[in-house]
Amino acid sequence: MTEEQAERMLAGMNEVIRAGEEMRKLRTEMIKVFVGFGWTQDKIARLTDMSQPAVSKQVTKYKTGDPLPALELSLDQYDAPWLEGRLWGLAEEISETLDGAARCTRTVDALARGRKRFTPRDVDELRRLLEEDLRLHRGQLPARHQAAYDQIGRALDVPAKAAATAATGTASASVRRALAHRIQRDRLRGDS
């Protein structure tokens, strides 16, 4: 095995490990959100596929620590992580609607697996690919997809509004992104 082959192999493994660590951290932060919703430890343990003692340890930590975040679960929020989550949810929905034939599919998969981050460059790339998918597949996609993109795109283009409302929640950017992603997908499916 050459050094280059070993480097590529280990780089791939490191991506998986890093993504796993980030997901564990996100799950821990989501437990804090669920506690804020008043959910029981048993319900949280079942949903997170964790043991009840592990959840209890997290819940105890949050009860004695900082106050729980006040989260508004509405699509009408304009901070960057929330808008990025909505964009990601829309892209994922379009990719599934087009059976993986969407231009945005590779980027969506890379974001979901942690191979890409929500950097300004990656967000711009996702926007560009989504615009192309919406243009090329206009007849195959429901009008609500274009309407959602128009709303998200306008909000991302107006950084002053986003900056003014950036303090809408105290949850981390990754939690806000994950929540917005899920809510956007549910709304597009009519499951709100």
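Observations on the structure shown:
- Restricting attention to the stretch 104-117 and to residues that are in contact with a helix residue (DSSP H, G or I) (Cβ under 6 Å, 6 or more places away or on another chain) and surrounded by fewer than 19 Cβ atoms within 10 Å (Cβ to Cβ), the residue that is modelled with the highest pLDDT turns out to be K116.
- Residues satisfying the stated conditions in the stretch 1-47, i.e. hydrophobic (A, V, I, L, M, F, W, C), outside any helix (DSSP H, G or I) and either over 24 Å from the mean Cα position of the chain (by Cα) or closer than 15 Å to A178 by Cα (or both): M1
- Qualifying residue in the stretch 88-99 (condition: over 16 Å from A178 (Cβ atoms), open to solvent by 40 Å² or more (accessible area, probe 1.4 Å) and outside any helix (DSSP H, G or I)): yes
- Considering (1) closer than 19 Å to G114 by Cβ; (2) free of Cβ contacts under 8 Å to residues at least 12 places away in the same chain; (3) touching a helix residue (DSSP H, G or I) at 6+ places or on another chain (Cβ under 6 Å), the lone condition that E29 does not fulfil carries the number (2).
- Subset of the stretch 32-58 [among the β-branched types (V, I, T) and free of Cβ contacts under 8 Å to residues at least 60 places away in the same chain]: V35, T40, I44, T48, V55
The values are calculated or read from the model by the stated rules, or taken from the named source; none is laboratory data. Quick caveat, the model's predicted, so the values are computed rather than measured. Methodologically, a virtual Cβ is constructed for each residue, glycine included, from the backbone with ideal geometry; neighbour enumeration extends over all protein chains shown. Side chains are part of the model used for accessible areas, which takes the heavy atoms of the whole protein and leaves out ligands, DNA and RNA. Shrake-Rupley method; radii C 1.70, N 1.55, O 1.52, S 1.80 Å.
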